[in-house]
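The values are calculated or read from the model by the stated rules, or taken from the named source; none is laboratory data. As the structure is a computational prediction, the values presented were derived from the model and not from experiment. For neighbour counting, all protein chains shown are included, and Cβ atoms are generated from backbone atoms with ideal geometry for every residue, glycine included. When the accessible area is computed, the model is the full protein with side chains, heavy atoms only, and any ligands, DNA or RNA have been set aside. Shrake-Rupley method; radii C 1.70, N 1.55, O 1.52, S 1.80 Å.
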Amino acid sequence: IDAYIIFDADNVVDSGFLREMNRAAAQGHPLIQGRRCGKNAGENLLSGCYDIFYLLQNHYSNHAQTASGHSGSLNGTGWMVSKPWLDRHGFDTKTITEDLELTAIALEEGERIAYAPLAITYDEYPTTVRMVFRQLERWCYGQVECQRTYTKRLLAATVRLRSRSCYHMNLIFNAPMLILLLLILLVIVAVQAVASGIPLRVPLLIFAGFTVFAVFLIFLGVHVSCRRNGERPACMPAS
């Protein structure tokens, strides 16, 4: 056995999946995420929204990250782990979102996750509001678990390895908290402006400009650091 493939029980797999995974594994990647699509994307509005979400994740996250020399992420199904990597690290995850946790473990150790865009898995998306909320409840709880466990570790790895991939994953874990803090700050600024008789648009524009500038400086610093570290593409996109 060279590697293991993780699927959900309701998946339908493209006939060329194993060939594409084998091609990527032959390049020496121990962790590879395939392309996740929907087999029922056109069933209703909810499944269509899920398909848009995974389209964005496939193209603007995993593909963009790996093509620019950084790491993709594991996203639940249709991914491969090599037997040597599993023998070294095991599968002893502590959270209920083991894909995010394994991604964090790999990035913390400097391992990058490759992306195989032609290794396609067709997943079954939720089609009712109740199913969506049950799934999102589990995802959100698992993300909080990962945030509590890996924030400091990924921050240390970002500095130690000069890794934009670690920073990116840490941002995903902490994005809900950061958005909440920004919203609270925005409300405080708006209330203070109204109480002082200042037009509301003034503090809103200042707040927006400051936020954009701060985010720009953060990404610029991480980009320069990663360029100096000499990161290279984690996969070769399939033709």
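Tabulated data for the structure shown
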item: Which numbered condition residue 154 fails, given (1) of a type in the set (A, V, I, L, M); (2) more than 30 Å from residue 9 (Cβ to Cβ); (3) at pLDDT below 85; result: (3)
item: Test: residue in the stretch 173-185 that is open to solvent by less than 40 Å² (accessible area, probe 1.4 Å), under 26 Å from residue 80 (Cα atoms), under 21 Å from the mean Cα position of the chain (by Cα) and not acidic (Asp, Glu); result: yes
item: Qualifying residues in the stretch 43-77 (those that are without any contact (Cβ under 8 Å) to a residue 24 or more places away in the chain and among the small types (Gly, Ala, Ser)) - the one nearest to residue 143 (Cα to Cα); result: 61
item: Cross-chain or 6+ apart pairs with Cβ under 7 Å, the stretch 101-113 first and within 20 Å of residue 77 (Cβ to Cβ) and aromatic (Phe, Trp, Tyr), then open to solvent by 40 Å² or more (accessible area, probe 1.4 Å) and part of a loop (DSSP other than H, G, I, E, B); result: none
item: Residues (small (Gly, Ala, Ser) and assigned to a helix (DSSP H, G or I)) located in the stretch 53-77; result: 61, 64, 67
item: Lone qualifier among 184, 198, 218 - being at pLDDT 55 or above, outside any helix (DSSP H, G or I), farther than 30 Å from residue 27 by Cα and of a type in the set (A, V, I, L, M); result: 198
item: Residue 171, sole failed condition from (1) under 20 Å from residue 93 (Cβ atoms); (2) without any contact (Cβ under 8 Å) to a residue 12 or more places away in the chain; (3) not hydroxyl-bearing (Ser, Thr, Tyr); result: (1)
